[in-house]
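Below is one structure; the comments refer to it alone.
The values are calculated or read from the model by the stated rules, or taken from the named source; none is laboratory data. Just so it is clear, the structure is predicted and the values come from calculations on it, not from any experiment. Here the Cβ is made from the backbone with ideal geometry for all residues, glycine too, and neighbour counts use every protein chain on show.
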Protein chains: 4
Amino acid sequence: MGDLSNWGRWGADDERGSLNLLTPELVKQAAGLVKTGKVYSLSMPLETNGPQWPLRHRTWKVTVHRGVGKSGSGSADDVVTMHSHSGTHMDALCHYFYDDQIYNGFKASDHITSQGITRNSIDNVPALVGRGVLLDIAAWKGVDNLHLGEGISADDLDQCAAAQGINIQPGDMVLVRTGWMRIFSSDRAQYDSGEPGLDTSTLAWLKAHDIVAIGADNQAVEVLHSIPPDKLPFHEVAIRDLGIYLLENLQLDVLAADKAYEFLLVVAPLRLTNGAGSPINPIVIA
Amino acid sequence: MGDLSNWGRWGADDERGSLNLLTPELVKQAAGLVKTGKVYSLSMPLETNGPQWPLRHRTWKVTVHRGVGKSGSGSADDVVTMHSHSGTHMDALCHYFYDDQIYNGFKASDHITSQGITRNSIDNVPALVGRGVLLDIAAWKGVDNLHLGEGISADDLDQCAAAQGINIQPGDMVLVRTGWMRIFSSDRAQYDSGEPGLDTSTLAWLKAHDIVAIGADNQAVEVLHSIPPDKLPFHEVAIRDLGIYLLENLQLDVLAADKAYEFLLVVAPLRLTNGAGSPINPIVIA
Amino acid sequence: MGDLSNWGRWGADDERGSLNLLTPELVKQAAGLVKTGKVYSLSMPLETNGPQWPLRHRTWKVTVHRGVGKSGSGSADDVVTMHSHSGTHMDALCHYFYDDQIYNGFKASDHITSQGITRNSIDNVPALVGRGVLLDIAAWKGVDNLHLGEGISADDLDQCAAAQGINIQPGDMVLVRTGWMRIFSSDRAQYDSGEPGLDTSTLAWLKAHDIVAIGADNQAVEVLHSIPPDKLPFHEVAIRDLGIYLLENLQLDVLAADKAYEFLLVVAPLRLTNGAGSPINPIVIA
Amino acid sequence: MGDLSNWGRWGADDERGSLNLLTPELVKQAAGLVKTGKVYSLSMPLETNGPQWPLRHRTWKVTVHRGVGKSGSGSADDVVTMHSHSGTHMDALCHYFYDDQIYNGFKASDHITSQGITRNSIDNVPALVGRGVLLDIAAWKGVDNLHLGEGISADDLDQCAAAQGINIQPGDMVLVRTGWMRIFSSDRAQYDSGEPGLDTSTLAWLKAHDIVAIGADNQAVEVLHSIPPDKLPFHEVAIRDLGIYLLENLQLDVLAADKAYEFLLVVAPLRLTNGAGSPINPIVIA
């Protein structure tokens, strides 16, 4: 992939990657995008039958309670067992790697154990706050959804942005709508067997535009011909080489219906100490 | 507590309570409060030794991984077992109740089972987005922290707001700083045995000001002389009668250090279907 | 079901049911059945894809470790999340009930909460040790397996015992082989959709013979035309009225292959305080 | 430790270690030890506050139920999250190792991952069934319990056996009573800070006598001056070099009270596929 790397760009000790691009000035500008005050949640339900990488266990929740059916006080709580990469979620920069090195050159074998991850873990990300941009590829192509294995190229991203009248800027968080989440509802088996998504030509585009985060309404952002795939080439470069954040299993349909293409976006992962990712409920304020 | 109730105010079927107060107009005004673009996370670390109601289990996380120490690709994920009321968290309107009725009069025995909660569950809250206000009671009293069992009254809230030059408005989310989180760090046993917090005189104040959410840097927002307490009278009225959201175990020190007293606040719970609450990472944009 | 009840038989406070029948004298006699010293495990693997009631979550296990690939010491442990009714397991006498009463007349609403079960819980059973008897119904019928929905009657049990030359005695633990576990391997979907098993005519037989435990190579011992079934009439009487222990998802094929029809049987549930059941690894010593 | 190894003794592919010593002939002889038919459980309660290595999480169990307080049928189940090394438990031969090699020379880095352990895992042990012997060291020394850090030597074992009139035989499972479990009840903090137990002189004794399993009423069988200890030298040799099974946190007091010194012992671990150990409920039939 040649020079597709941000290692060392923010110092040899950096664990935050593209988050460094989100300056207060950009946050302030993004807040200026709020026009109507309408709020959108981009999260799918976090539940047993919610979207989930098929090799992982399904989220397990039981409710515990006392005082039900009695006079006097009562309360309810839940016990949840889940992957940190459950449902709509965000990958930490330690999540994916190759050749025993994670983002910025830290050795996986020095920093990843059962007890947790001591470099690039999710708790390095207080939040991603900035300008979010929706690229509605499905609408631009005039289809309900792209098909399994259909790649989206850098050129597609440029043309879609142009058609929407959107100018991509450094520090943007780009949300790509493939329409694939409707397959989750209509044909779960197909959803779990592959997906449309970004091809590797978009990696140079992400670097050239200094994108902070890239999300999609599918399981892995990138195009997959089968699940499990032989390889995740986009993950390898985007996370490990470029230090960019991936947002997966997003719900983008309501945003698309409103043609909301640029907005203030707030993504606040749980502060899981030494964790590899977090379920998220990304919030758009339009 | 007399007429301290919002039952029926937003319809007999309402499950969202004070969230109804957060109109797009208020959200838009809150976005206008962003001046510097500085972002704050109000979450404590979500980890085994993080703050936790002592009767609950501690959060359990193990990291799973493959490919460490090898050439080729590798990845890491976590398995988390936790209460939905873990660490910094938010109570759903079904969390606390009395006499077998939850907020808006639904029967607990009809709606709360091990399988989940079918009224007032946390997934009714896409997000709380609006104006947040910090009332730094500890600073106003000139102490590092209030002491265990020290109550905060409605009058205290008014005087502190006046001293800070803050005008409380309908739709506000009020964050009360007691300084108690420093006891968590210095004396965990004391933190787990009681706390300073709001007394019941503040309930009428919450209703009069149409407050959407009330949070604090302690375990239960309300004053507790011991843990477990005999009763949680503030919980009973605030959650069950008024339908107001409680935010607990907040980290408010950095906000206080910057004297950030009003700001855009975004609280995005996990969309746990039929859940009783959620860990949160509340984000302030100042 | 008329007088099909053992309530009060062993006192108003009894929580052990048929376990009271297992006198030291019977245990001693059962030990005398050991002829060859061959040991059999009747447990299926306890794993994600092991047999499991389809409405329950699948067993979740991750291995945690340190020191792998290093000089010096290392160790491995696992974290398991499971139902107490996972895989091959045993029902406690509180597991199934009707009309808010569990075995021996205790009220369910007094004794069953999220915190555990305070009557008839699994920790009342240190172990079931005694004479085990295999009734190989599939072999007796000359089939590989009975078919989905095929009932086994009291008369079938008597005829099969006679054909095998076995005399049923008070205190026996009876294991019924339907051959159904081969469907688990060959057609999991069918295994999860119903089963052959005991019909309700066997309930009087269990009572008349003073059987301590009844097990089978299926999910629920009793015949099911579909899963979930409308009703579990055998469970209701066997567990709640008679106080008999059910052993489910047994692996009985090796025992059958050896024509081992009577033997010393040891069933040792985990001592889960206030639990509703336990995974088990029943051991036959022939 | 010189020639203290059983590697290769039962073949290069062996994963069962000392279990190979338990021939049907020995099992049959052990069944002949049953005199009274009295049954003992050697398990401590498996519960949140049960004995547990302090670096591990505490066992987490919640009960789920339906139909409580209603007419019609109802049921209860539990959800358990636990370490496989919870409470009274058994170590698999993969549990402890050094220099990246587990029992019989398999490489840890080839066989131990988050997904499980592919050599020497607990599912290689259908059961341990044979002659059990109790060596009541505390009684022999005339004390309620040995003190923290007090070692038991090979000579102690011999003298205690002689005093009890017991002849140690090949294939025995030896249970050593230190009295330490009474400290668990009276002073949990002390229980968690070290223990009396076997010193390294007993390793040659275990090998010379061809012992199959060694258990004790403490957390790690071996003497510990502190927890966590710097090293577990007994674990290293007993498990990894000799392939012997360790049984930990046993309840031996009732056995000692009855002066039951030899008996049929049945230890049936859960068949956790690729697991590193299992909670157990060891059963003595005397």
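Some values worked out for this structure:
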| quantity | calculated |
| --- | --- |
| From D:ASP210, D:ASP192, residue being among the acidic types (Asp, Glu), touching a Pro at 6+ places or on another chain (Cβ under 6 Å) and under 19 Å from D:GLN52 (Cβ atoms) | D:ASP192 |
| Answer from A:LEU146, A:LEU175, A:LEU134, A:LEU157 - the residue that is crowded, with 20+ Cβ neighbours inside 10 Å and part of a helix (DSSP H, G or I) | A:LEU157 |
| Test result for C:THR273, touching an Asp or Glu at 6+ places or on another chain (Cβ under 9 Å), within 14 Å of another protein chain (Cβ to nearest Cβ) and hydroxyl-bearing (Ser, Thr, Tyr) | yes |
| Among (1) closer than 25 Å to B:GLY72 by Cα; (2) among the acidic types (Asp, Glu); (3) in contact (Cβ under 8 Å) with a residue 40 or more places away in the chain - the single one A:GLU222 does not satisfy | (3) |
| Those residues of region D:20-41 which are basic (Lys, Arg) and touching a residue at least 24 places away in the same chain (Cβ under 8 Å), in sequence order | D:LYS35, D:LYS38 |
| Residue pairs meeting the criteria (Cβ under 7 Å; at least 6 apart or on separate chains; first facing chain D (nearest Cβ under 9 Å), in region C:231-243; second of a type in the set (D, E, K, R)) | C:LEU232/C:GLU222; C:HIS235/C:GLU222 |
| Any hit, region B:262-283, residues being touching a helix residue (DSSP H, G or I) at 6+ places or on another chain (Cβ under 6 Å), closer than 30 Å to A:THR48 by Cα and part of a helix (DSSP H, G or I) | no |
| Any hit, region D:160-170, residues being within 14 Å of chain C (Cβ to nearest Cβ), closer than 20 Å to D:LEU4 by Cβ and of a type outside the set (Val, Ile, Thr) | no |
| Matching option when the condition is among the polar types (S, T, N, Q), modelled with pLDDT of 95 or more and over 14 Å from the mean Cα position of the chain (by Cα), among C:SER226, C:SER278 | C:SER226 |
| Yes/no for B:ASP14 being more than 7 Å from chain A (Cβ to nearest Cβ), under 19 Å from the mean Cα position of the chain (by Cα) and among the acidic types (Asp, Glu) | no |
| B:THR200 being crowded, with 24+ Cβ neighbours inside 10 Å, farther than 30 Å from A:GLY37 by Cβ and touching a Pro at 6+ places or on another chain (Cβ under 9 Å) | no |
| Extreme residue, nearest to the other protein chains (Cβ to nearest Cβ), among residues of region A:79-119 that are surrounded by 24 or more Cβ atoms within 10 Å (Cβ to Cβ) and on the phi > 0 side of the Ramachandran plot | A:GLY87 |
| Answer from A:LEU247, A:LEU265, A:LEU252 - the residue that is more than 9 Å from chain B (Cβ to nearest Cβ) and under 21 Å from A:LEU232 (Cα atoms) | A:LEU247 |
| Region B:22-41 - residue that is small (Gly, Ala, Ser) and over 28 Å from A:ALA238 (Cβ atoms) and, of those, surrounded by the most Cβ atoms within 10 Å (Cβ to Cβ) | B:ALA30 |
| Filter result (of a type in the set (A, V, I, L, M, F, W, C) and either part of a loop (DSSP other than H, G, I, E, B) or more than 8 Å from every other protein chain (Cβ to nearest Cβ) (or both)) within region D:31-66 | D:LEU33, D:VAL34, D:LEU42, D:MET44, D:TRP53, D:LEU55 |
| Region C:181-216: number of residues that are more than 21 Å from C:ASN20 (Cα to Cα) and out of contact with any strand residue (DSSP E or B) (no Cβ under 9 Å at 6 or more places or on another chain) | 10 |
| Criterion (in contact with a strand residue (DSSP E or B) (Cβ under 9 Å, 6 or more places away or on another chain), within 11 Å of chain C (Cβ to nearest Cβ) and under 30 Å from B:HIS235 (Cα atoms)) met by exactly one of A:ALA76, A:ALA127 | A:ALA76 |
| Residue count, region D:156-182 (criterion: over 13 Å from D:GLN251 (Cβ atoms) and free of Cβ contacts under 8 Å to residues at least 40 places away in the same chain) | 7 |
| Residue selected from region B:42-56 under the condition in contact with a strand residue (DSSP E or B) (Cβ under 6 Å, 6 or more places away or on another chain) and buried (at least 21 other Cβ atoms within 10 Å of the Cβ), by the criterion nearest to D:THR113 (Cα to Cα) | B:LEU46 |
| Condition check for B:GLY69: in contact with a helix residue (DSSP H, G or I) (Cβ under 6 Å, 6 or more places away or on another chain), under 30 Å from A:GLY130 (Cα atoms), facing chain A (nearest Cβ under 7 Å) and assigned to a loop (DSSP other than H, G, I, E, B) | no |
| Selection count, region B:212-235, where residues are surrounded by fewer than 21 Cβ atoms within 10 Å (Cβ to Cβ) and assigned to a helix (DSSP H, G or I) | 1 |
